[in-house]
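K.L.:
Here you go, one structure.
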Amino acid sequence: MNKFNKTLIASLVVALLIGLIGPTVVLAASLATINLGTADNYTILSKTGISTVGVTSVVGDIGVSPAAATYITGFGLTLSSAAAFSTSAQVAGKVYAPGYANPTPANLTTAIADMQTAYTNAFGLSPTVTELGAGNIGGLTLVSGVYKWGTDLTIPTDVTLSGSANDVWVFQVAQNLSISPAKKIILSGGAKASNIFWVVGGQTTIGTTAEVQAIFHLYHQLLML
């Protein structure tokens, strides 16, 4: 079952899991959080589409633009006549698309612009670590910093993010991100999901029953399997 809980855009928060696993990457970094603007109003926001297969639980609003509502698949949307949003049994919130009634189209245009600004700003940060694990960070414990990959990034085993409530993580993934089924991204030491930014240039695939505490900024498509 895929579970998604609202904190910021595309935030994927399930439960507070405490623990330390695997080797630790130590960095000395002080980062400011990334301003998401009105994109902060959405749990999942995408330009091209949102897809799910199987049982999914999303807490908060989701939206697409400029893609149409037909690019939100697997949610069984219900749209009332002349409504500004649709609903879904799998979404504890509202679903927005540009073809819906006002003010939805204008709100989505603004949110997408804010998302693109945040995406550009996050990808523009100078990395403190590049190509960690050759694109495989399974089993690592990571402290705050800017991590960059020019390739795909895979998470085949649990990963821990260890730091205080003021620490910030930015993960710059040029291509695709894949989290294997039943794996966890664990927060330790007071780390907050709202200070974790995954900036993904390609597609994000989250395996069945995976538990993720992180903020996903989706410039392309989020595919939840």
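Bear in mind that the values in this text are calculations on the coordinates, not laboratory data. Here the structure is a predicted model, which means the values were calculated and not measured. Neighbour counts are summed over all protein chains in view; Cβ atoms, including those assigned to glycine, are modelled from backbone coordinates with ideal geometry.
K.L.:
Among 135-147, 47-59, how do they line up from the highest to the lowest mean number of other beta-carbon atoms within 10 Å?
P.N.:
Going from most to least packed, we get 135-147, 47-59.
K.L.:
If we count every other residue with Cβ under 15 angstrom of I112's Cβ, Lys/Arg +1 and Asp/Glu -1, where does the sum land?
P.N.:
Result for the local shell: -2.
K.L.:
Within straight cross-link reach of K183, meaning Cα distance under 16 Å, which aspartates and glutamates are found once same-chain residues fewer than 8 apart are removed?
P.N.:
D158, E211
K.L.:
Right, something else. Going 7 Å from the Cα of A84 along its beta-carbon direction, which residues of the stretch 43-58 have the amide nitrogen within less than 20 Å of the resulting point?
P.N.:
Once the point is set 7 Å along Cα→Cβ of A84, 43-46 turn out to lie under 20 Å by backbone N, inside the stretch 43-58.
K.L.:
On to the next question. Assuming a ≥ b ≥ c are the square roots of the Cα gyration tensor eigenvalues, decide whether the stretch 116-176 counts as rounded (a/c under 1.5), prolate (otherwise, with a/b larger than b/c) or oblate.
P.N.:
oblate
K.L.:
Just subtract the alpha-carbon distance of A182 and E131 from 0.36 nm times their residue separation and send over the number in nm, one decimal.
P.N.:
Separation in residues times 0.36 nm, less the Cα-Cα distance, equals 15.9 nm.
K.L.:
Then there's this: What ranking, highest mean first, results for peptides 178-186, 101-109 when packing means the other Cβ atoms within 10 Å averaged over each residue?
P.N.:
Descending packing order for the listed peptides: 178-186, 101-109.
K.L.:
Cross-link candidates for K94: which aspartates and glutamates have Cα within less than 19 Å, leaving aside residues fewer than 8 places away along the same chain?
P.N.:
Output for K94: D40, D61.
K.L.:
Assuming a ≥ b ≥ c are the square roots of the Cα gyration tensor eigenvalues, decide whether the stretch 36-150 counts as rounded (a/c under 1.5), prolate (otherwise, with a/b larger than b/c) or oblate.
P.N.:
Prolate, because a/c is 1.5 or more and a/b exceeds b/c.
K.L.:
Given the Cα-Cα distance of T208 and V55 and 0.36 nm per residue of separation, how much length would full extension add, in nm?
P.N.:
This chain segment gains 54.2 nm when fully extended.
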